[in-house]
1. Using only Cα atoms, tell me the angle between helix B:124-137 and the longest principal axis of chain B; keep it within 0 to 90° and round to the nearest 10.
2. Within straight cross-link reach of B:LYS44, meaning Cα distance under 15 Å, which aspartates and glutamates are found once same-chain residues fewer than 8 apart are removed?
3. Rounded, prolate or oblate: which fits region B:76-139, taking a ≥ b ≥ c as square roots of the Cα gyration tensor eigenvalues, rounded meaning a/c under 1.5, else prolate when a/b beats b/c?
4. Of all DSSP beta bridges in the protein assembly as shown, what percent run antiparallel (nearest 5)?
5. Ignoring trypsin sites (Lys or Arg not before Pro) that are buried or in helix or strand per DSSP, and keeping those with at most 12 other beta carbon atoms within 10 Å, what is the longest stretch of chain B between them?
6. Would you mind ranking A:ASP84, A:ASP4 so that the residue whose beta carbon has the fewest other beta carbons within 10 Å leads the list?
7. Arrange the following residues from fewest to most other Cβ atoms within 10 Å of their Cβ: A:ILE120, A:ILE207.
8. With point charges of +1 on the Cβ of Lys and Arg and -1 on the Cβ of Asp and Glu, referenced to the Cα centre of chain B, which listed residue (B:LEU52, B:SER42, B:ILE164) lies farthest in the positive direction of the dipole?
Amino acid sequence: MFDDFLFRAFIAGIGLALITGPLGCFIVWRRLSYFGDTLSHSALLGVVAAYALNFNIILSVFIISGLISLSLLYLQKKTNLPNDALLGLLAHSVLAIGLVLLGLLSFIRIDLMGLLFGDILSVNFMDILIVWIGGTVVLIILILIWRPLFAGTVNLELAKAEGLNPEFANAIFTILIAAVIAISIKIVGILLITGLLIIPASASRNISSTPIQMAIFASMIGVMSVVLGLYSSITWNTSTGPTILGISLIVFLITLLPWKKLLIFKKKIKS
Amino acid sequence: MENSLIELKNCGVNRSAKWLVRGVSLKVSEGQIVTLIGPNGSGKSTTAKIALGILKPDEGTNAIRNNIKISYVPQKISIDWSLPLRVIDFINLVETYELNEIMDTLSITGIKHLLYQDVRNLSGGEFQRLLMARAITKKPNFLVLDEPVQGVDYPGEIALYKTIQQIVKELNCGILLISHNLHVVMSQTDHVVCLNGHVCCSGAPKSIVADPEYIKLFGKNIDPTLAFYQHEHDHKHLPDGSIDNSH
């Protein structure tokens with residue numbers, strides 16, 4: 001079964017969508033939409049470093065993104081600048097460093113399109129293992145830190161006063177995001193991972209009334225987008241990553257429809 | 001004293017070369033209501049945050065007794081619109097409680113009918129009652145209330161202060177209260193600390209109103225012997241507007 005490239009693509013994509021759902025919710029709740037962008041920009045540096053040092057790409061991207069997220073936490077404490085300014089500062093300076101290094105190390109040839117958009121159709125069995133094992137670990141850690149992380153998202157001081165440790169949970173959370181970005185690089189690429197984190201979570205917001213519901217719906221919408229997106233990209237021969245995001249955008253638009261009113265209207269007609 | 005829950009000794013917090021508060025010493029014991037009063041910007045909330053352990057004092061020490069349950073009603077909370085959060089989820093934020101425990105405190109604070117409402121649809125006063133309900137459900141040993149009745153209607157305010165008195169009795173918990181209502185402060189609390197960047201004066205309500213430092217800040221016209229006006233209802237208004245005569 002794993003011989004079929006399409007089947008492998010489905011399995012890897014579904015695994016990724018399951019993790020990005022709940023993580024994406026926290027990104028939306030904490031107004032960190034730009035955070036995924038920042039980390040994915042830093043991924044270029046990770047890839048260049050991996051080639052230069054002949055090192056594993058996923059690990060290298062994970063380490064660089066992890067360092068960037070921790071420096072964000074440090075800068076948040078040390079400066080009075082708002083989050084978006086700090087994220088912009090990190091994103092563009094790290095991207096610049098990556099490009100400078102890439103120019104210096106002229107022997108490196110990087111498939112830039114592959115890096116930006118990924119190639120889900122070329123995942124191998126090893127990639128699937130990394131997504132599913134890595135994803136399971138990420139999800140388990142997220143469940144373990146859910147209470148302090150969520151309470152701190154609602155109100156940091158309240159959580160801290162009542163004996164939780166939301167700051168530690170925040171640090172763990174940013175490392176989880178770094179891990180997901182590292183895992184997803186080969187599959188959807190750095191430009192699209194932010195979309196997969198934010199669009200399903202945003203769509204889910206429109207139809208859910210509790211936090212846990214929103215996290216679960218986000219995963220389901222993500223999985224739906226992967227499945228329909230892969231199918232459509234094969235049918236119409238479009239590039240896969242962007243098609244997946246296109247589908248999730250359509251799902252988002254559908255969730256905007258006034259479902260409650262429509263349902264009530266139906267009942268009225270019946271009665 | 002062994003029964004002190006928290007004890008601040010000579011605490012100061014410094015932010016960008018400015019002392020927000022300095023030299024604050026105070027103690028809250030079991031079954032005691034300590035109030036902080038003072039003008040705007042006098043460091044009341046900062047002091048409360050030191051007592052809670054949210055802020056580390058830059059000088060002085062804060063001793064919080066081990067293994068005590070702390071509840072906090074902050075002055076301001078804004079819930080992000082992206083968060084779907086119902087009243088019940090908000091109460092279960094830090095700990096998860098049995099539904100009947102939650103219903104009990106929600107009926108004490110008068111918002112039982114809002115259990116499954118989204119918190120962002122609550123009015124300011126209702127939200128304040130929710131903050132109180134959440135804090136009480138925890139059955140704390142130490143409770144910090146930072147202007148707990150702002151935006152609450154007058155009967156509600158009286159009911160909430162009665163609830164505070166009641167939980168002190170029932171749970172024998174210590175309370176640190178920040179309030180601008182001097183009548184409440186003077187008639188219902190055990191110990192008053194008057195802040196203005198530092199502790200101006202502190203003591204029992206009766207002794208404090210005679211203190212020259214207090215008179216300088218608040219004037220002479222607040223008489224602690226003045227009875228706190230009790231708007232006694234012989235009936236209860238239910239949320240749907242009907243009247244409950246059951247007691």
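Since every read-out is calculated from the coordinates, none of them should be taken as a lab result. Just so it is clear, the model here is predicted, and its values are computed rather than measured. Methodologically, a virtual Cβ is constructed for each residue, glycine included, from the backbone with ideal geometry; neighbour enumeration extends over all protein chains shown.
1. Roughly 80 degrees, rounded to the nearest 10.
2. Straight-distance partners of B:LYS44: B:ASP146, B:GLU147.
3. prolate
4. On the way: 20 of 37 bridges.
DSSP beta bridges in the protein assembly as shown are roughly 55 percent antiparallel.
5. B:77-219
6. Ranking A:ASP84, A:ASP4 by Cβ neighbours within 10 Å, fewest first, gives A:ASP4, A:ASP84.
7. Final ranking by Cβ density, sparse to dense: A:ILE207, A:ILE120.
8. Most positive-ward Cα: B:SER42.
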